[in-house]
Amino acid sequence: MRRVGSVLAAVLLVGVCCAFAGQGSESLVLPVEGKYGEVAFPHWNHQATLGDCNTCHGMFPQETGAIHRLIADNGLKKKQVMNNCRACHRTTAKAGNPSGPVKCFDCHAKG
Ligand code: HEC
Ligand code: HEC
Ligand code: HEC
């Protein structure tokens, strides 16, 4: 009975994963001006890994240019989204799990 339960749970998890991932653009280039240039962002990869749109979209809506619009309207501080990216990568790496970049030019193109 227990075994059937865990198989069922696994099937449900796969269902959740694949219905969830793959919305909006597969990858995005986030424009940044200056010495620290644009940031390439694998969007679908994060949807599949994190399992919750609001991990990011709790801070800004699901629209192209939303981050810059909110910074201009004082709805977000400069680097607030970036700090969220880095904080998660740092915590995940510390826990010994696959993670993303923390160093400046591992995210930013040289501007
Ligand atoms: C790890 C962070 C993160 C997660 C998780 C995330 N997104 Fe996004 N999403 C972004 C960023 C960054 C942008 C670009 C915002 C901008 O241009 O200012 C974006 C833009 C979008 C856009 C508009 C641009 C486009 O064509 O893709 C849509 C639609 C979207 N997201 C949907 C989703 C949905 C649905 C989920 C959950 C299934 C999700 N996102 C999860 C970070 C994320
Ligand atoms: C995980 C990826 C990532 C890393 C690592 C990263 N950045 Fe960023 N950075 C971003 C993103 C995404 C934005 C645009 C969103 C925002 O401003 O929050 C950004 C924005 C910026 C901006 C523009 C802020 C503004 O609006 O004027 C500067 C400057 C910057 N980063 C410098 C740095 C420096 C310096 C480091 C290293 C200490 C660094 N970044 C590391 C992703 C990253
Ligand atoms: C809540 C956690 C979390 C947040 C927020 C997050 N990431 Fe990540 N990121 C990850 C994890 C986990 C991985 C490793 C995924 C994997 O290996 O499949 C990753 C991987 C990456 C990679 C490397 C992908 C590759 O193919 O090697 C980049 C680039 C990246 N993230 C950029 C960003 C940027 C830019 C943001 C903010 C807009 C962001 N991440 C927000 C957890 C996060």
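Only the coordinates and a few stated rules stand behind these numbers; no lab work does. The shown structure was predicted, so the numbers you read here are calculated from the model rather than taken from an experiment. Cβ: placed from backbone, ideal geometry, glycine included. Neighbour counts: every protein chain shown.
Some points to look at:
- Between Ala66 and Glu38, the simple spin-label model (points 7 angstrom out along Cα→Cβ) gives 2.1 nm.
- Stretching the chain fully between Ala95 and Asp52 yields a gain of 13.5 nm (0.36 nm per residue, less the alpha carbon separation).
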